[in-house]
Amino acid sequence: MSVLFLAHAEPDGSLAKPALEALAAAVPLAGSLGAPLVAGLVGATVNAAATEIGSCGASRVLGVSGAEFVESRYATDAAAAEALCRAADAQIVIAAGTARWMRVLAGVAQRLGGRVDTHVTRVAARDGAVSIARWYYRQRIEGTVSRAERPWIIAVEPGTEEPWTGKATSVAVEPVAVGLPPLRTRVKAVRQPASGEQTIRPDAELLLVAGAGWTKKQPDGQIHVKEAEGLILGFLRATRASLGGSKSLVDLSGEGQAVLPFMTHLNQIGQTGASPRHRKGLATCCHGEEPHVVGWRFITERRAVNLNPNCGWAQGKADVLYVADAFQVLAKVKELLDAGR
Ligand SMILES: Cc1cc2nc3c(=O)[nH]c(=O)nc-3n(C[C@H](O)[C@H](O)[C@H](O)COP(=O)(O)OP(=O)(O)OC[C@H]3O[C@@H](n4cnc5c(N)ncnc54)[C@H](O)[C@@H]3O)c2cc1C
């Protein structure tokens with residue numbers, strides 16, 4: 001009976017930040033339960049990943065490796081995770097809530113006769129009882145859950161833990177054999193969204209949010225979408241910030257109006273969008289209505305630039321509201337950033 005830390009290696013053999021965050025949750029959990037910590041790794045090869053976390057205190061390091069496990073694919077990932085859970089005799093399984101694991105973990109729990117919880121923001125153990133915290137109703141209510149069923153698979157939400165750090169130490173990896181079904185899915189190529197430029201950066205310190213105001217008539221009676229595009233992209237390139245959008249802005253492209261071509265629905269923040277975890281947020285030309293601002297739940301420092309002193313941000317939703325023209329503000333910020341270089 002163990003606590004299993006389940007991780008997939010990246011194409012370069014390393015473990016990504018979300019995996020190290022999940023490990024940061026697994027190590028103290030195993031300690032408080034007095035249960036052995038087992039690491040279960042999946043990838044083309046797993047030795048580099050095993051070395052990376054070699055000093056985490058795992059009593060065993062299990063590995064599923066081979067060419068079939070390089071890419072994310074339901075059949076192979078589910079089989080690998082199931083085999084590792086069984087080999088570890090896992091009671092609690094801690095994995096990162098990556099897109100790759102989120103596709104398979106519920107199925108793995110079903111195969112094991114266990115349970116699964118996703119988007120978990122905290123894992124704790126008290127007197128041998130494990131509990132998790134997660135948010136409900138689009139991040140409006142936080143709940144605490146515990147379960148009697150085992151194995152219990154817990155997918156830790158990326159960005160909620162400080163990543164585990166420790167000395168790289170070489171360790172022996174016990175290979176785990178996996179019986180694979182006939183594979184019907186082959187990965188032929190990876191296609192990126194055609195937005196031209198990568199604007200979503202979950203690890204960025206700052207989130208810049210663009211609202212529909214950027215595409216609306218400005219005080220001179222004209223729209224200035226090309227200028228808006230240059231200012232927003234210039235700011236992103238200079239600061240490496242991540243780009244979010246309001247629903248109104250990302251919806252415009254579907255309505256045949258003037259649009260910022262690099263904004264897609266993937267950028268949308270809010271009730272029907274994402275709730276990212278950047279430390280700082282700057283909203284520009286966005287009104288700050290509740291269905292948008294609910295997506296800012298995890299943004300600690302909030303500022304907004306809006307021409308309207310009565311916009312939603314002024315109603316206690318931002319720490320600082322600059323009543324100003326965002327075109328002028330971003331141009332000035334860019335000038336200062338360039339001068340600082
Ligand atoms: C069920 C439901 C779910 C929803 N989910 C979401 C969601 O997930 N995300 C979301 O964003 N919205 C969501 N909405 C929509 C939300 O209610 C708002 O309609 C939307 O967020 C408004 O977008 P906006 O602030 O960009 O645009 P607008 O309301 O048009 O505001 C534009 C703002 O730009 C300002 N502005 C214009 N020019 C300048 C300038 N030069 N400088 C500075 N400021 C300027 C204006 O003063 C104005 O405040 C949802 C609504 C519903 C009913």
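The values are calculated or read from the model by the stated rules, or taken from the named source; none is laboratory data. Note that the coordinates shown come from a computational prediction; the quantities given were computed from them, not determined experimentally. Here the Cβ positions follow ideal geometry from the backbone for every residue, glycine too, while neighbour counts run over all protein chains shown.
Are there any strands (runs of 3 or more DSSP E) wholly within region 89-157 with 2 or more residues that are hydroxyl-bearing (S, T, Y), and if so which?
So the answer is 115-126, 129-136.
Return yes when T160 is in contact with a strand residue (DSSP E or B) (Cβ under 8 Å, 6 or more places away or on another chain), over 21 Å from A22 (Cβ atoms) and part of a loop (DSSP other than H, G, I, E, B) and no when it is not.
no
Looking only at residues in region 120-175 that are polar (S, T, N, Q) and within 23 Å of P202 (Cβ to Cβ), which one is surrounded by the most Cβ atoms within 10 Å (Cβ to Cβ)?
T160
Pick from G244, G230, G213: which is in contact with a Ser or Thr (Cβ under 8 Å, 6 or more places away or on another chain) and at pLDDT 95 or above?
After applying the criteria, what remains is G213.
Surrounded by 16 or more Cβ atoms within 10 Å (Cβ to Cβ), within 8 Å of the ligand (Cβ to nearest atom) and more than 30 Å from P18 (Cβ to Cβ): which single residue out of C286, C311 fits that description?
Within the list C286, C311, the selection yields C311.
Can you pull out the residues in region 202-229 that are more than 9 Å from the ligand (Cβ to nearest atom), closer than 25 Å to A318 by Cβ and assigned to a loop (DSSP other than H, G, I, E, B)?
Residues satisfying the conditions are P202, D203, A204, E205.
Quick check on L321: is it under 16 Å from L233 (Cα atoms), within 12 Å of the ligand (Cβ to nearest atom) and either among the small types (G, A, S) or not assigned by TED's automatic domain parsing to the domain that holds R140 (or both)?
In short, no.
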